[in-house]
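The values are calculated or read from the model by the stated rules, or taken from the named source; none is laboratory data. Every value quoted in this text rests on a predicted model; they were computed, and no experiment measured them. With ideal geometry, Cβ positions are generated from the backbone for all residues, glycine too; neighbour counts draw on all protein chains shown.
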């Protein structure tokens, strides 16, 4: 990044020193523990800072990448050019309740939001207790589990556009479908989310969450770094079942491996590169297609170069 000093001088006008890192190794900022360095990684703490960062990146003609908790992404081995805006729970994770609504920053972890809802006896977020992403990422992907999805509870989203405008999207404008949202097309940065929940019974909510946590821990390979489910669910099938039936559990390419616990997960079994993961995804897709005539599509977002 040739303009590093000039860019840094501008950043310090409105951000603290702990809110940006130059040449940040992205393996430290994703759940896969994989990825090269970002030119500059920035942690905004409010909507105005997000708009200022996007404006500044545009001024310097730098590409701008938006990242949540880094849980559904594979960062490529040569890293990310330009500016990465990361919504972290430390800087952008406030959660508050207003009656039966919860309003939270995009960096708030989904598990924390669901636990906060439970403490307030608010129901509707039980399904999210084990999803390892941020609230913003969950809306971006319309995350779901155990029959629940974000689509059912999101009322409103405040976001910043590519031209640094602060915009509000109501639920009917979000285009939430299976692992999709309007934000995958319009490139707006999700900043704040308002959720519509319902008054429930504290013990019932806690019990339901405990049951989902138990199921998740017994079935998912939480002992290895991963990006969550690797493949989207093909129509009429489950990706993990197809991979398992093809006999691919434990298949390895370099440090990347198809989990022996749940075939729907590619895990970092130690020192995996993004190239290892991509080659393994390709091989799994090829063999499943050969055996069952079904095409698997990655659910994980692939970012960088």
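Would you check if residue 277 is within 26 Å of residue 80 (Cα to Cα), touching a strand residue (DSSP E or B) at 6+ places or on another chain (Cβ under 7 Å), in a strand (DSSP E or B) and not assigned by TED's automatic domain parsing to the domain that holds residue 126? First the steps, then the outcome.
Numbers: within 26 Å of residue 80 (Cα to Cα): yes; touching a strand residue (DSSP E or B) at 6+ places or on another chain (Cβ under 7 Å): yes; in a strand (DSSP E or B): no; not assigned by TED's automatic domain parsing to the domain that holds residue 126: yes.
The answer is no for residue 277.
(1) closer than 25 Å to residue 28 by Cα; (2) not in a loop (DSSP other than H, G, I, E, B): which one isn't true of residue 240, the others all being true? Condition not satisfied by residue 240: (1).
Let's see how each residue does on (1) surrounded by fewer than 20 Cβ atoms within 10 Å (Cβ to Cβ); (2) assigned to a helix (DSSP H, G or I):
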site	(1), (2)
24	no, no
27	no, yes
31	yes, no
53	no, yes
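Part of a helix (DSSP H, G or I) and either within 30 Å of residue 97 (Cβ to Cβ) or not assigned by TED's automatic domain parsing to the domain that holds residue 30 (or both): does that describe residue 215? The answer is yes for residue 215.
For residue 62, the conditions (1) part of a loop (DSSP other than H, G, I, E, B); (2) in contact (Cβ under 8 Å) with a residue 60 or more places away in the chain; (3) touching a helix residue (DSSP H, G or I) at 6+ places or on another chain (Cβ under 6 Å); (4) under 21 Å from residue 165 (Cα atoms) are fulfilled apart from (3). Assess whether residue 95 counts as being without any contact (Cβ under 8 Å) to a residue 40 or more places away in the chain and touching a helix residue (DSSP H, G or I) at 6+ places or on another chain (Cβ under 7 Å). Yes: the conditions hold for residue 95. For segment 55-73, filtering for residues that are surrounded by fewer than 23 Cβ atoms within 10 Å (Cβ to Cβ) and under 13 Å from residue 28 (Cα atoms) leaves 0.
Please go through segment 291-305 and pick out each residue that is over 17 Å from residue 265 (Cα atoms) and in contact with a helix residue (DSSP H, G or I) (Cβ under 8 Å, 6 or more places away or on another chain). The answer is 291, 292, 294, 304. Here segment 148-187 is the region considered, the condition is being in a strand (DSSP E or B) and out of contact with any strand residue (DSSP E or B) (no Cβ under 8 Å at 6 or more places or on another chain), and the residue that is nearest to residue 55 (Cα to Cα) is 180.
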